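One structure is given below, encoded as structure tokens.
The values are calculated or read from the model by the stated rules, or taken from the named source; none is laboratory data. Please read all numbers here as calculations on a predicted model, not as lab measurements. Here the Cβ positions follow ideal geometry from the backbone for every residue, glycine too, while neighbour counts run over all protein chains shown. Side chains are part of the model used for accessible areas, which takes the heavy atoms of the whole protein and leaves out ligands, DNA and RNA. Shrake-Rupley method; radii C 1.70, N 1.55, O 1.52, S 1.80 Å.
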Amino acid sequence: MKLGTTPTLGPYLLSPIIAELHRMAPQLRLHVREGIPDEQLLELSRGNIDVMLGPLPMAGDDLTIEPLFREPMHLVAALDHPIDAGEAMTRDALTGSPLLTLDPRHHLARQAAEIAERHGMTIAPDYYGTSLESLHQMVASGLGLALLPSLYLRSAGGMAGLKILPVEGWRVHRSIAIAWRRQSPMSAAFKLIAGHVQSCAERLLAE
């Protein structure tokens with residue numbers, strides 16, 4: 001089975017899930033491909049991958065798309081950033097702050113652009129991160145703020161050199177879904193995998 005996912009999600013969610021799936025179904029051989037979500041949707045429609053796990057929105061007349069869970073997103077800064085992480089700040093406190101982000105083809109970059117506009121921040125123009133780790137490193141070195149997902153921050157080293165900034169009224173999340181071709185003979189198996197991913201993600205986010 002070929003599973004497509006985004007590098008902003010797969011590495012921080014799939015490891016425990018794949019281990020459990022292997023225990024449940026030892027014959028299953030899961031090949032994971034990371035890539036740009038919009039490009040992977042095309043690969044799914046063309047039959048080059050079997051199932052896709054990634055952020056909404058997804059669309060395709062030939063696809064079954066099942067929402068699985070909502071993942072909180074956090075605004076982070078370097079530990080020595082002058083903004084105090086001890087108390088909730090107003091949106092005005094963020095005005096003009098540089099927001100670091102990924103390649104614009106990523107859903108996360110589009111979401112960051114919306115957040116920047118809403119809070120008067122500016123998207124840092126000089127360099128786009130190639131991964132969440134590169135964003136992390138740039139933020140920790142004091143180059144700006146970033147929007148990072150909960151599953152990444154709870155991973156090993158995910159909070160090193162960072163602090164979460166509490167913003168008044170902050171209710172930011174992304175919705176994660178799974179998709180497969182509607183006529184696939186493996187639809188029943190995909191539904192079982194979807195349920196397992198959903199329960200595992202909810203457990204991780206609750207910890």
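Across segment 27-69, what is the number of residues that are of a type outside the set (A, V, I, L, M, F, W, C) and under 21 Å from Pro185 (Cβ atoms)?
Pass one, segment 27-69, residues of a type outside the set (A, V, I, L, M, F, W, C): 27, 29, 31, 33-35, 37-40, 43, 45-48, 50, 54-55, 57, 60-62, 64, 66-67.
Now narrow it down to the ones that are under 21 Å from Pro185 (Cβ atoms): 27, 29, 31, 33, 40, 43, 45-48, 50, 60-62, 64, 66.
Summing the residues that are of a type outside the set (A, V, I, L, M, F, W, C) and under 21 Å from Pro185 (Cβ atoms) in segment 27-69 gives 16.
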Residue among Leu9, Leu53 that alone is in contact with a Ser or Thr (Cβ under 7 Å, 6 or more places away or on another chain), surrounded by 14 or more Cβ atoms within 10 Å (Cβ to Cβ), closer than 18 Å to Leu205 by Cα and aliphatic (A, V, I, L, M):
Leu53
Note on segment 95-119: residues part of a loop (DSSP other than H, G, I, E, B) and more than 23 Å from Gly35 (Cα to Cα) are Thr95, Gly96, Ser97
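If you go through segment 77-102 one residue at a time, how many are of a type in the set (A, V, I, L, M, F, W, C) and in contact with a helix residue (DSSP H, G or I) (Cβ under 6 Å, 6 or more places away or on another chain)?
Narrowing segment 77-102 to residues of a type in the set (A, V, I, L, M, F, W, C): 77-79, 83, 85, 88-89, 93-94, 99-100, 102.
Retained after the next criterion (residues that are in contact with a helix residue (DSSP H, G or I) (Cβ under 6 Å, 6 or more places away or on another chain)): 78, 94, 99-100, 102.
Residues in segment 77-102 being of a type in the set (A, V, I, L, M, F, W, C) and in contact with a helix residue (DSSP H, G or I) (Cβ under 6 Å, 6 or more places away or on another chain): 5 in total.
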Which one of the conditions (1) surrounded by 14 or more Cβ atoms within 10 Å (Cβ to Cβ); (2) among the β-branched types (Val, Ile, Thr); (3) within 14 Å of the chain's Cα centre (by Cα) does Ile193 fail to meet, given that it meets all the rest?
(3)
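Return the residues of segment 161-183 that are in a loop (DSSP other than H, G, I, E, B), touching a strand residue (DSSP E or B) at 6+ places or on another chain (Cβ under 8 Å) and either within 22 Å of Ser45 (Cα to Cα) or open to solvent by 60 Å² or more (accessible area, probe 1.4 Å) (or both); say none if nothing qualifies.
Glu168, Arg182
Would you mind finding the one in Glu66, Glu87, Glu71 that is out of contact with any strand residue (DSSP E or B) (no Cβ under 9 Å at 6 or more places or on another chain) and of a type in the set (Asp, Glu)?
Numbers: Glu66 fails: out of contact with any strand residue (DSSP E or B) (no Cβ under 9 Å at 6 or more places or on another chain); Glu71 fails: out of contact with any strand residue (DSSP E or B) (no Cβ under 9 Å at 6 or more places or on another chain).
Being out of contact with any strand residue (DSSP E or B) (no Cβ under 9 Å at 6 or more places or on another chain) and of a type in the set (Asp, Glu) holds for just one of Glu66, Glu87, Glu71, which is Glu87.
Answer yes or no as to whether Asp92 is in a loop (DSSP other than H, G, I, E, B) and surrounded by fewer than 21 Cβ atoms within 10 Å (Cβ to Cβ).
Values: in a loop (DSSP other than H, G, I, E, B): no; surrounded by fewer than 21 Cβ atoms within 10 Å (Cβ to Cβ): yes.
The answer is no for Asp92.
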May I ask you to verify whether Ile49 is part of a loop (DSSP other than H, G, I, E, B), on the phi < 0 side of the Ramachandran plot and in contact with a helix residue (DSSP H, G or I) (Cβ under 6 Å, 6 or more places away or on another chain)?
yes
Under 6 Å between Cβ atoms, at least 6 apart or on separate chains: pull out the pairs that start in segment 1-25 with a residue that is outside any loop (DSSP other than H, G, I, E, B) and end on any residue that is of a type in the set (Phe, Trp, Tyr).
Tyr12/Tyr152
Any chance segment 22-37 includes a residue that's buried (at least 19 other Cβ atoms within 10 Å of the Cβ), farther than 19 Å from Gly4 by Cβ and either modelled with pLDDT of 90 or more or under 14 Å from the mean Cα position of the chain (by Cα) (or both)?
no
Restricted to segment 26-46, and to residues that are touching a helix residue (DSSP H, G or I) at 6+ places or on another chain (Cβ under 8 Å) and assigned to a loop (DSSP other than H, G, I, E, B), which residue is nearest to Tyr12 (Cα to Cα)?
Gly35
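State whether the residues of segment 68-79 include one that is in contact (Cβ under 8 Å) with a residue 24 or more places away in the chain and not in a strand (DSSP E or B).
Keep residues of segment 68-79 that are in contact (Cβ under 8 Å) with a residue 24 or more places away in the chain, which gives 68-79.
With not in a strand (DSSP E or B) added as a condition, the list becomes 79.
Yes: one or more hits.
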